[in-house]
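First the structure, in the form of structure tokens, and then the observations on it.
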Amino acid sequence: MTLSRRIKNLFFLYVLFFASWLHPLNIIFDLGDVMVKTDSLTMCSLTGYSKFIKYIAHHPTELPRISKNLRKRLFGFLNTVIPPQVNEANAKDPYGMQLPQIMCDWLKGTYTSQEICTLLLTQADQSPFFKSQAERSLIRSLIRCMFTPELFIQATELMPDAYRFAQECKRKGHNLYILSNWDSSSFELLHKKYNHFFDLFDGIVISGDIHAIKPSPAAYHHLLTTYNLNPSDCIFIDDRIENRIAAEQCGISCYFKQKRCFLTPWKKVTDFLAIAQYIIFFSFFKTWKQYQP
């Protein structure tokens, strides 16, 4: 471990130790792209490298932004199966694209993963939507990986330092909760895969269990009422701005920050050190306010 890394780790532990003297908080976490991430290489392997190669050979202009472009094409196909509904919650993906209605229904538990996978694969075989057979084949494989819980969780892993951060927060007296858009079947497998991590949390609310997705107010109210939480004592850590806005409208303070990953600088990971510093600031403010005449 380098000297700079050791200094950062010591500072990280110091800020959490200092925070333990202050006002205990309810820290609420999203999961996707906050505490867990999809490993791109594993997902590519499960999808099939040959399918990506054939796709790029047929559509070479897609290569510079292949991840975003493929997601746009996938979402376009999903919207042909079940058109978007105007009154659906404004749920979005990491690129800011609105989730297709069928994904919202899946995350709410309206349809099971198996039902959606069967429906989409059948429609993909017949749909004129695709620009080439290579695109059809690749998107069919992506659908199979996304909506087969065993494959999806195989490609899902904890963010660097996520477990240690949650562990230290818990040791310092804070209460930990999860509020995340996730289908029930996949989350059950994720929980088993990282049970040592999820055992640290005082409460978990998953959209597939409550039939409501963020940023719908119903999701936040369910968490607050189920665990009898005071919104003013809560901090919500979520990567999506629309989710944070909805939480703030419920009286919950929000924060999130990312940083470049050292090993993969083209990707960003959660900046837990910055979050720890915000927790100290917020806790100090609550303590100061508590003792004001």
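Odds and ends about this structure:
- Cβ pairs under 7 Å, 6+ apart, first in segment 239-260 and surrounded by fewer than 21 Cβ atoms within 10 Å (Cβ to Cβ), second modelled with pLDDT of 95 or more and among the hydroxyl-bearing types (Ser, Thr, Tyr): Cys250/Tyr220
- Criterion violated by Asp202 - all others in (1) surrounded by 16 or more Cβ atoms within 10 Å (Cβ to Cβ); (2) in contact with a strand residue (DSSP E or B) (Cβ under 7 Å, 6 or more places away or on another chain) satisfied: (1)
- Members of segment 203-226 found to be outside any helix (DSSP H, G or I) and free of Cβ contacts under 8 Å to residues at least 60 places away in the same chain, listed by number: Gly203, Ile204, Val205, Ile206
- Number of positions in segment 158-185 that are farther than 23 Å from Lys268 by Cβ and either out of contact with any helix residue (DSSP H, G or I) (no Cβ under 7 Å at 6 or more places or on another chain) or polar (S, T, N, Q) (or both): 7
- Within segment 19-42, the residues that satisfy the criterion of being open to solvent by less than 30 Å² (accessible area, probe 1.4 Å) and either out of contact with any helix residue (DSSP H, G or I) (no Cβ under 6 Å at 6 or more places or on another chain) or at pLDDT 90 or above (or both) are Leu25, Asn26, Ile27, Ile28, Phe29, Asp30, Leu31, Gly32, Val34, Met35, Val36.
- When Leu190, Leu229, Leu179 are checked against the criterion of being open to solvent by less than 10 Å² (accessible area, probe 1.4 Å), in contact (Cβ under 8 Å) with a residue 60 or more places away in the chain and closer than 24 Å to Pro24 by Cβ, a single residue qualifies: Leu179.
- Taken as a whole, segment 174-182 holds at least one residue that is among the β-branched types (Val, Ile, Thr), touching a strand residue (DSSP E or B) at 6+ places or on another chain (Cβ under 8 Å) and modelled with pLDDT of 95 or more.
The rows are residues; the columns are (1) of a type outside the set (A, V, I, L, M); (2) open to solvent by less than 30 Å² (accessible area, probe 1.4 Å); (3) part of a helix (DSSP H, G or I); (4) in contact (Cβ under 8 Å) with a residue 60 or more places away in the chain.
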position: Ile56; (1), (2), (3), (4): no, no, yes, no
position: Ile66; (1), (2), (3), (4): no, no, yes, no
position: Pro94; (1), (2), (3), (4): yes, no, no, yes
position: Ala124; (1), (2), (3), (4): no, yes, yes, no
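- A residue that is charged (D, E, K, R) and at pLDDT 90 or above can be found somewhere in segment 209-216.
- Single match in Leu70, Leu16 (criterion: at pLDDT 90 or above and of a type in the set (A, V, I, L, M, F, W, C)): Leu70
- So Leu107, is it over 18 Å from the mean Cα position of the chain (by Cα) and open to solvent by less than 30 Å² (accessible area, probe 1.4 Å): no
Residue-wise test of (1) at pLDDT below 85; (2) of a type outside the set (Phe, Trp, Tyr); (3) within 13 Å of Val34 (Cα to Cα).
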{"position": "Ser232", "(1), (2), (3)": "no, yes, no"}
{"position": "Cys250", "(1), (2), (3)": "no, yes, no"}
{"position": "Trp266", "(1), (2), (3)": "yes, no, no"}
{"position": "Phe272", "(1), (2), (3)": "no, no, yes"}
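- Breaking point among (1) of a type outside the set (S, T, N, Q); (2) under 30 Å from Pro217 (Cβ atoms); (3) more than 18 Å from the chain's Cα centre (by Cα); (4) at pLDDT 95 or above, for Phe198: (3)
The values are calculated or read from the model by the stated rules, or taken from the named source; none is laboratory data. Keep in mind that this is a model prediction, so the values were computed, not measured. All Cβ positions, glycine included, derive from the backbone under ideal geometry; neighbour counts span all protein chains shown. Calculation scope for accessible area: heavy atoms of the full protein, side chains included, ligands and nucleic acids excluded. Shrake-Rupley method; radii C 1.70, N 1.55, O 1.52, S 1.80 Å.
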